[in-house]
Amino acid sequence: MSPCSIETLQHQQQRNYVVGYALTSKKVKSFLRPKLEGLARNKGISFVPIDQNRPLSDQGPFDIVLHKMTGREWRQILEEYRQTHPKVLVLDPPDAIKHLQNRQSMLQCVADMNLFEFYGKVGVPRQLVIKSDASSIPDLVAEAGLRLPLVAKPLINDGSAKSHELSLAYDQYSLQKLEPPLVLQEFVNHGGVLFKVFIVGEAIKVVRRFSLPNVTKRDLLSNVGVYRFPRVSRAAASADDVDLDPSVAELPPWPLLERLAKELCQRLGLRLFNLDIIREHGTRDHYYIIDINYFPGYGKMPGYEQMFTDFFLSLMQQNP
Ligand SMILES: Nc1ncnc2c1ncn2[C@@H]1O[C@H](COP(=O)(O)OP(=O)(O)OP(=O)(O)O)[C@@H](O)[C@H]1O
Ligand SMILES: O=P(O)(O)O[C@H]1[C@H](OP(=O)(O)O)[C@@H](OP(=O)(O)O)[C@@H](O)[C@@H](O)[C@@H]1OP(=O)(O)O
Ligand SMILES: [Mg+2]
Ligand SMILES: [Mg+2]
């Protein structure tokens, strides 16, 4: 080994890395748990809270900035900080995250991806954006040829409770009751189970979660109206340990998930996100991506502490 590489090695061994974080108190509680802090500390990584009321450049110095905050002001602060501190890795760039804060632009890159026939067909459900004027919705839906039932989702996905208030609409007339701006998405039967694919840099983990049950033709004939439904798939209880119909439970093929994760990381410019994927009921390989979330509930993902420690270590090796 050359003296130079010995020096680099010693430098790496001595160097401590600081991850500054700007997260909600709820996120701190669910994510920054003692096990993660312990594992990271053993590798020389420490976590330091960012005070949003003080200039960022007066704090730190940081090697990495981890954040999940919304708002234009915070975005500007971070963008400016990125320009003046090019050596600090901001996870992730605020402009890239903004892309996920609108349910139309969120799925646009999946639609552009062209992953047809690669271990299965991957697409997004047909959807229509309604910016205003609820009274025009029935006609717009008819013109677009969207099939009922429809899932109505607030267009803006800013992390507020309201942005997660979704409803299922069974008939065309009742669509007038909805409150734009929203996205109307065709409901795809998928056997009541979805796949949450968590991405942390290059690592992937997939879990099953409960979801909305299938809607039968008879349900459609016997129901009218618009029904709000709760955040079914957020429950910590996963569908992984339950006896399920194997055709519903079978995970999407690994090569497909790898390809999807890699392409989406590149296209979105993000390293920390998850995807909600469903498989159309009665098919073996027709998949739909219905949601993408920035910095999701990793705390519910088994083994996330090791995954994040490895992720931070790999970032450090890239930036010694
Ligand atoms: N097109 C669809 N077809 C079938 N079910 C759907 C569809 N869209 C949403 N769902 C169901 O509704 C749930 C919530 O939808 P979605 O994931 O888009 O909302 P969200 O509020 O962004 O959720 P999250 O808590 O994951 O951020 C999904 O987990 C799934 O159970
Ligand atoms: O609260 P949880 O731990 O469940 O995490 C949820 C997270 O809330 P948090 O960021 O406030 O923690 C949500 O973020 P916002 O859209 O509200 O910004 C969203 O990403 C959900 O998909 C996450 O649930 P998951 O999909 O991972 O089950
Ligand atoms: Mg979701
Ligand atoms: Mg979401």
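Listed values, structure above:
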| read-out | value |
| --- | --- |
| Partners for Lys177 among aspartates and glutamates (Cα-Cα distance below 13 Å; same-chain residues under 8 apart left out) | Asp133 |
| Efficiency of FRET from Cβ geometry, Asp58 and Trp254, R₀ 41 Å, rounded to 0.05 | 0.35 |
| Region 177-243 - charge dipole about Cα centre, Lys and Arg +1 at Cβ, Asp and Glu -1, debye rounded to 20 | 200 |
| Value of Rg to Rh for region 67-222 (Rh from inverse mean 1/r over Cα pairs, i.e. Kirkwood) | 1.02 |
| Cα gyration tensor shape for region 258-302, rounded if a/c is under 1.5, else prolate or oblate | oblate |
| Mean shadow area of the chain over all directions, Cα convex hull, nm² | 19.3 |
| Within the chain, percent of DSSP bridges classed antiparallel, to nearest 5 | 70 |
| Ranked list, fewest to most other Cβ atoms within 10 Å of each Cβ, for Lys262, Lys26 | Lys26, Lys262 |
| Semi-axis lengths (Å, descending) of the ellipsoid that matches the C-alpha gyration tensor of region 129-171 | 21, 12, 8 |
| Mean projected area in nm² (Cα convex hull; one quarter of hull surface) for region 139-244 | 8.6 |
| Proportion of all alpha-carbon pairs of region 175-320 beyond 27 Å (%) | 30 |
| All lysines inside 20 Å of Lys27 as judged from Cα atoms, apart from same-chain residues fewer than 8 positions distant | Lys35, Lys68, Lys98, Lys162, Lys196, Lys205, Lys300 |
| Residue among Leu100, Val183, Thr309 farthest towards the positive dipole end of the chain, charges placed on Cβ | Thr309 |
| Burial order of peptide ranges 305-318, 264-277, 221-234 (average beta-carbon count within 10 Å, highest first) | 264-277, 305-318, 221-234 |
| Full-extension gain in nm, Ala161 to Ser25, via 0.36 nm per residue minus C-alpha separation | 47.4 nm |
| Low-density loop cleavage sites - trypsin sites (Lys or Arg not before Pro) in region 101-154, where at most 16 other Cβ are within 10 Å (DSSP) | Arg126, Lys131, Arg147 |
| FRET efficiency for Leu39 and Asp240, using Cβ-Cβ distance with R0 set to 25 Å, rounded to 0.05 | 0.60 |
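Each value in this text was obtained by applying a stated rule to the coordinates, not by laboratory testing. What you see is a predicted model; the values in this text were computed from it and never measured. Glycine also receives a Cβ, built like all others from the backbone with ideal geometry; neighbour counts cover every protein chain displayed.
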